[in-house]
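Shown next, in structure tokens, is the structure this report addresses.
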Amino acid sequence: MEPPAEVVKIAEYIREMKIRGAGRIARAAAHALKLAAIAYKGHDLGEYLEYMERVAQLLKSTRPTAVSLPNAVNYVMMRVKSARTLRDAIATAVRAADEFTSLSLKAVETIGRIGAGLLEDGDVVLTHCNSSAALSVIKTAFKEGKKLRVYATETRPRFQGLISYRELTQAGIPTTLIPDSAVRFFMKEVDKVIVGADAVAANGAVVNKVGTSMIALAAHEARVRFYVAAETYKFSPATVLGELVTIEERDPKEVVPPNVLASSPRLRVRNPAFDVTPPEYIDAIITERGVIPPKAAILVLKEEYGRMLEEELMRITLDIEDSIYPAQLP
Ligand code: RUB
């Protein structure tokens, strides 16, 4: 059985950024797996597992950077794979998807509550792109009665800053939209920077919307605190084993209008959607489990994926041994 049309549509929406933001992408993927499970019409557990794996791969292939996406898919699939009967496997997919969604929404709320403690009355906050976790912190602090002012960057080329501007203004928070290139110009007025994350690496580096690392640099220079708000399902277990987070490069048409591209055949355009901020430029990461220094990312990963990582390391060790020992035989 092929993935149902509604699941294919969700995958397309993620690819085209009609569904965007790491947390939303993850919840949409969990929901798609639930829809796929309910739509299964066959009678065979093995066939069902193969079908669900195809759906999982389809969802994972949509956008490469947000680690929340494979983490959400794996959260559901790991549980599905341990089911003994078809009935149980379908019910498990539905239950795990709902569980992930509610954990995710709760995490964003908790991050808001914890992070609000880092903001003070009168603070001027700068945010980049549109992050539910970062905005949760700002909106919660504002609800608590702290008078805040926000600078929201435009976030070219897709202008997610406008979404943040609308969301914050709707919440009653005085917000000013600024060009990305004006960040250093305004940094002297800013007390704190808060951004979200698409991925947090084992060394505490944060992958977020392109431009984030430049903002961190400007904040560092001006001695302005730089916070990242990130649910723990955005931490990347693969980076413990040395893998790098893939940075998505999108269509040049997002940067230059198609007619200009067509009339300038020698024009070369690059459009990376994300960049990497090193841990040295991050004061703290606000997670639903508490505020941590970026270097403690490895501890979060150990807590979350310790057993799985040990098994993977063991597998790698055995592979290496297998490839070394035959060569040493006389
Ligand atoms: C969105 C982006 C956001 C993170 C965190 O990029 O970089 O800062 O995904 O968002 P895009 P959240 O618009 O390309 O998806 O806190 O909502 O998960």
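The values are calculated or read from the model by the stated rules, or taken from the named source; none is laboratory data. Source: prediction; values computed, not measured. Please note: Cβ atoms are built from the backbone with ideal geometry, for glycine as well, and neighbour counts cover all protein chains shown. Only protein heavy atoms, including side chains, enter the accessible area calculation; ligands, DNA and RNA are left aside. Shrake-Rupley method; radii C 1.70, N 1.55, O 1.52, S 1.80 Å.
Each label was represented as a point 7 Å from its Cα along the Cα-to-Cβ direction; for residue 47 and residue 113 these points are 4.7 nm apart.
Averaged over residues, the count of other Cβ atoms within 10 Å places the peptides 56-62, 2-8 in the sequence 56-62, 2-8, highest first.
Gyration tensor analysis over the Cα atoms of segment 117-308 returns equivalent ellipsoid semi-axes of 27, 24, 14 Å (largest first, whole Å). Each residue, residue 82 and residue 106, gets one label point 7 Å from its Cα in the Cβ direction; the gap between the two is 1.8 nm. Exceedance of the 26 Å cut-off in Cα-Cα distance is limited, within the set 106/188; 41/81; 253/295; 18/253; 18/146; 60/106, to 106/188; 253/295; 18/146. For the set 214, 308, solvent exposure ranked by accessible area (probe 1.4 Å, protein chains only) runs largest to smallest as 214, 308.
Couplings 3J(HN,Hα) for segment 200-208, derived from phi with the Karplus relation 6.51 cos²θ - 1.76 cosθ + 1.60 (θ = phi - 60°), are 10, 7, 4, 8, x, 5, 10, 9, 8 Hz, where x marks Gly and Pro.
Hydrophobic, long helices, defined as DSSP H runs whose alpha-carbon span along the helix axis is 20 Å or greater and whose mean Kyte-Doolittle value is at least -0.5, occur in the chain at 22-39, 45-60, 86-116, 297-328. Peptides 95-107, 171-183 ranked from most to least packed, by the mean per-residue count of other Cβ atoms within 10 Å: 95-107, 171-183. Taking 20 Å as the straight-line reach from the Cα of residue 302, the aspartates and glutamates in range (excluding those fewer than 8 positions away in the same chain) are 198, 231, 243, 288, 310, 311, 312. Look at where the Cα atoms of segment 180-227 and of segment 241-316 average out, and the two centres are 14 Å apart. Taking a spot 7 Å from the Cα of residue 280 along the direction of its beta carbon, which residues of segment 187-220 have an amide N less than 13 Å from it? Counting backbone N atoms under 13 Å from the label point, the list is 217, 220.
Give me the percent of the accessible area of segment 117-308 that comes from carbon and sulfur atoms, probe 1.4 Å, all protein chains in place.
So the carbon and sulfur contribution to the accessible surface is 55 percent.
222 nm [θ] for the chain, helices only, -39500 (n - 2.57) per DSSP H run of 4+, per residue, to 500? Taking each H run of at least 4 residues, the total per residue is -16500 deg cm²/dmol. The label-point distance for residue 39 and residue 15, in a model that sets each label 7 Å from Cα toward Cβ, rounds to 1.5 nm. Extension gain, residue 143-residue 263: 0.36 nm per intervening residue step, less the Cα-Cα distance, totals 38.1 nm.
Under a Cβ-only charge scheme (Lys and Arg +1, Asp and Glu -1), can you give me the dipole magnitude of segment 117-308 about the Cα centre, in debye to the nearest 20?
Details: 24 positive and 23 negative charges, 65 e Å.
In total the dipole reaches around 320 debye.
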